[in-house]
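Shown next, in structure tokens, is the structure this report addresses.
The values are calculated or read from the model by the stated rules, or taken from the named source; none is laboratory data. The shown structure was predicted, so the numbers you read here are calculated from the model rather than taken from an experiment. Keep in mind that these areas ignore ligands, DNA and RNA; they rest on the heavy atoms of the full protein, side chains included. Shrake-Rupley method; radii C 1.70, N 1.55, O 1.52, S 1.80 Å.
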Amino acid sequence: MQAAPVRATAIPSVTDALRAVESLLMSSGQRTARRNAWSSVLEDRRRAKDRVEAQRVLEAVSSARTS
């Protein structure tokens, strides 16, 4: 009995499929602009998270001093 042949190519992920559709529908400039915009959104979220954490630390230090 022979073993089943091994697939040489991996099944594309959802991300790979979306990128393929994106490349068909958008010019490279549009793709770059969209990716840059998304990177900015992620960076803004990271900064907001850092601000919230800094505020918590400042409030904790402030309340410790007044106690």
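Quick one: which of R51, R56, R19, R7 is of a type outside the set (S, T, Y), modelled with pLDDT under 85, part of a helix (DSSP H, G or I) and open to solvent by 90 Å² or more (accessible area, probe 1.4 Å)? Answer to the check: R19. Every test in (1) at pLDDT 95 or above; (2) open to solvent by 100 Å² or more (accessible area, probe 1.4 Å) is passed by D44 save one, and that test is (2).
Residues of region 22-33 that are of a type in the set (A, V, I, L, M, F, W, C) and open to solvent by less than 80 Å² (accessible area, probe 1.4 Å): M26, A33.
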